[in-house]
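Remarks on the structure that follows.
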Amino acid sequence: MTQLKLFLARRGLLAALLIVALFAATTASAQTERRTFCIYDPIGANGFIFQALQDYVLQANAWGYKLDTRAYTDEAVAANDLKAGQCDIAALTGVRTIRFVKFAGSLDMAGGLQTYDQERTAIRVMSSPKAASYMKEGGYEVLGVVPLGKAFLFSRNAGWLDSIDNIAGKKVAVLSYDKQASTLANVAGASPVGASIASFGPMFNNGSVDLAYAPAFAYNALELYKGLGENGGIADFVLGMLSGQLVARDDRFSDEFAQKSRSWVFENMFDSTLRQVTGAEAEIPERFWVRINGERTTNYRNMFREVRQKLWEQNWYSHRMQTLLKKVRCNSDGGLAECSLDTEGGPVN
């Protein structure tokens, strides 16, 4: 009889534990919400952008959101699916993000930043709770920002990069939706030719255009070395700092998650992503680099300042971001001529 009571007692305990476990599993399932995460990576699911975001997917799950990932090799399709509600969150470039959240997308402005230290400062500010209200606009919110590398000017003839005057009349591939690129081409006297991320590489490689701008990872990923050939060159003046941004439909995520996400992405993904992009820069053979210094640097800076001022007047960029990036530049180098000029929000004291 004693053994029978003990057996029944144990059965009761096991049943109770089973009920508790089932309740816990049901509760956890109820707290985890499924969302669709569309990731643009020109290489697809095997690309470093898609792979780097897998840690983010795990972290989001710990915060209550199960992200179902989809890889896109066409950024326009990913952006359109986000607009159509087929994606709850999408990984896009900052150049594309400007049409969703102007403040965040304006980070990638022409000549806005020159160094990764400057970009780190800007993204730290953007990721802080104080900037939360600026990271949301028109039903969308940016949940994280990472560096994607410096944009450089690739030329099929290295000699054309010796002077801005040489660029006049040359055909340059520009992304059709990137107003700053076409404005820059016009100021330089070049002939802009509309392209997409998928098409500008082949256009440069087959000689349809003379010039193209791209980050270093495009050298191998898009085989731009074919267009450079034996006579080509890459200007080491930074046209802009490219970024990757997580853009979400803001009604699909809580405000608490949004801020946690921005902080986590900056603290855990900035350095690892930066190692990838600087590694790509190091892979480009030294013989292709055309060093822009002295008077040429001044001329390039003046041209970019003119472009940014034109776009300030056209309200293309976020004025708040333009003012922020000017402060970042001048804090890094107070001797820049622009720091005392009444442009992009006025002098920086």
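The table below gives the values:
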item: Any hit, the stretch 55-68, residues being touching a residue at least 24 places away in the same chain (Cβ under 8 Å), of a type in the set (A, V, I, L, M) and closer than 26 Å to Y219 by Cβ; result: no
item: Residue in the stretch 66-77 that is assigned to a loop (DSSP other than H, G, I, E, B) and modelled with pLDDT of 95 or more present; result: no
item: Total residues in the stretch 288-325, condition without any contact (Cβ under 8 Å) to a residue 60 or more places away in the chain and either part of a helix (DSSP H, G or I) or at positive phi (or both); result: 10
item: Some residue of the stretch 296-314 being farther than 26 Å from A181 by Cβ, of a type in the set (A, V, I, L, M) and surrounded by 16 or more Cβ atoms within 10 Å (Cβ to Cβ); result: no
item: Q245 vs. criteria touching a Pro at 6+ places or on another chain (Cβ under 8 Å), at pLDDT 95 or above and not basic (K, R); result: no
item: Lone unmet requirement of (1) surrounded by 15 or more Cβ atoms within 10 Å (Cβ to Cβ); (2) assigned to a loop (DSSP other than H, G, I, E, B) for Q259; result: (2)
item: Odd one out for D108 among (1) of a type in the set (D, E); (2) surrounded by fewer than 23 Cβ atoms within 10 Å (Cβ to Cβ); (3) within 11 Å of G240 (Cβ to Cβ); result: (2)
item: Filter pass, V238 being farther than 27 Å from L82 by Cβ, in contact with a strand residue (DSSP E or B) (Cβ under 8 Å, 6 or more places away or on another chain), in contact (Cβ under 8 Å) with a residue 40 or more places away in the chain and buried (at least 19 other Cβ atoms within 10 Å of the Cβ); result: yes
item: Residue within the stretch 280-294 that is more than 24 Å from D162 (Cβ to Cβ) and surrounded by 15 or more Cβ atoms within 10 Å (Cβ to Cβ) present; result: yes
item: Conditions (1) surrounded by fewer than 17 Cβ atoms within 10 Å (Cβ to Cβ); (2) farther than 29 Å from N315 by Cβ; (3) touching a residue at least 12 places away in the same chain (Cβ under 8 Å); number of the one not met by G85; result: (2)
item: Those residues of the stretch 304-349 which are within 20 Å of the chain's Cα centre (by Cα) and over 24 Å from R99 (Cβ atoms), in sequence order; result: R329
item: Residues (in contact (Cβ under 8 Å) with a residue 60 or more places away in the chain, surrounded by fewer than 20 Cβ atoms within 10 Å (Cβ to Cβ) and more than 18 Å from the chain's Cα centre (by Cα)) located in the stretch 172-220; result: V187, N220
item: Of all residues in the stretch 330-349 being surrounded by 18 or more Cβ atoms within 10 Å (Cβ to Cβ) and under 14 Å from N302 (Cα atoms), the one that is modelled with the lowest pLDDT; result: E344
item: Cβ pairs under 6 Å, 6+ apart, first in the stretch 246-268 and of a type in the set (G, A, S), second surrounded by 22 or more Cβ atoms within 10 Å (Cβ to Cβ); result: A248/I89; A248/E141; A248/L143; A258/E141; A258/L143; S261/L143; S261/G144; S263/S127
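The values are calculated or read from the model by the stated rules, or taken from the named source; none is laboratory data. Worth saying up front: this structure is predicted, and the values here are computed from it rather than measured. Note that we place each Cβ from the backbone using ideal geometry, even for glycine, and neighbour counts take in every protein chain shown.
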